[in-house]
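Following: one structure in structure tokens, then a few remarks.
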Amino acid sequence: MENKRLSKLYYYSILIILICFSFLSNASGDEKEELIKKVKYEESLGNYWAAVKLYNKLIKLEPTSVDFYFSRGVCRMELRDEQEAIDDFTKVIELKPNFAEGYKERAIANYDVGNYKQALTDNTKAIELIPKEADLFYNRGLAKIKLADSTGAYADFEAAITIQEKHPAALMERGHLKRKKKDHHGALEDLNKCIELEPDNPLAYKHRALIYIAMKETEKACEDLMRAKYLGYSYQITKLLLDNHCYD
């Protein structure tokens, strides 16, 4: 009899544990869904600090979630908290080593804090995983410029344009490099295309103005400098160029 009583007690104990576990799991699931709704709402409003706090709670509930770490990293980038973002994207890569977006975003964060070699490495890995994404070649080209590899940068901007013919940023950077190589007509062609695609890009007008200055087309250069100034490009730089080339 005693053994039967013990068996029943054991059975009921296990049953109670299972019921409690089921209840806690459901409660945890409900909490997660509620937090996800809240975080998406905060993100839609641009309240990234509030979103980070909510992702902290979600990560406690699901500490191996690639999505939560990645999204928190993106929010931290919006907050200009690049180092914390790098930590999040590193965790994403640890959890999912072949997730290209993790390398892409970590490369951007590393570039922003001046870690150009690591940005180059991360972009290269992302390109291995997604070889047909123009932005990856463009981003790697920017890192190469910072590392004084203008030849490699030029090749990457070329690759970006080959993949996406109408890539305004890559066209602008390739045009800028062509100007430095004194290929003024080629540079002008790239900058014209860039401005056609992005007519409100102040940096593009400044770059084109420098081409016109090199080609001794002063009137066109001054028009572009005034346009760059109007669109918000550096007052000091545009004033200096205008004073040197446009005002008697």
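The values are calculated or read from the model by the stated rules, or taken from the named source; none is laboratory data. Since the structure is predicted, the reported quantities are computational estimates derived from the model, not experimental observations. When we count neighbours, we look across all protein chains shown, and the Cβ atoms used for this are built from the backbone with ideal geometry, even at glycine.
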Which of the residues belonging to the range 92-111 are part of a loop (DSSP other than H, G, I, E, B) and more than 14 Å from VAL74 (Cβ to Cβ)? LYS96, PRO97, ASN98
Which pairs have Cβ atoms under 7 Å, sit 6 or more apart or on different chains, and link a residue in the range 122-135 that is within 19 Å of ALA170 (Cβ to Cβ) to one that is in a loop (DSSP other than H, G, I, E, B)? ALA134/GLN164; ALA134/HIS167
Selection from the range 108-135 of residues that are crowded, with 21+ Cβ neighbours inside 10 Å and of a type outside the set (A, V, I, L, M): ASN110, TYR111, ASP122, ASN123
What is the number of the single condition among (1) surrounded by fewer than 15 Cβ atoms within 10 Å (Cβ to Cβ); (2) of a type in the set (Gly, Ala, Ser); (3) in a helix (DSSP H, G or I) that ALA148 does not meet? (3)
Quick check: is even one residue across the range 237-246 surrounded by 15 or more Cβ atoms within 10 Å (Cβ to Cβ), assigned to a helix (DSSP H, G or I), out of contact with any helix residue (DSSP H, G or I) (no Cβ under 7 Å at 6 or more places or on another chain) and not small (Gly, Ala, Ser)? no
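Do we have GLU196 as crowded, with 17+ Cβ neighbours inside 10 Å and not assigned by TED's automatic domain parsing to the domain that holds PHE137 here?
Numbers: crowded, with 17+ Cβ neighbours inside 10 Å: no; not assigned by TED's automatic domain parsing to the domain that holds PHE137: yes.
It is false that GLU196 is crowded, with 17+ Cβ neighbours inside 10 Å and not assigned by TED's automatic domain parsing to the domain that holds PHE137.
Residue by residue through the range 200-226, note down the ones that are of a type in the set (D, E, K, R) and surrounded by fewer than 21 Cβ atoms within 10 Å (Cβ to Cβ).
ASP200, LYS216, GLU217, GLU219, LYS220, GLU223
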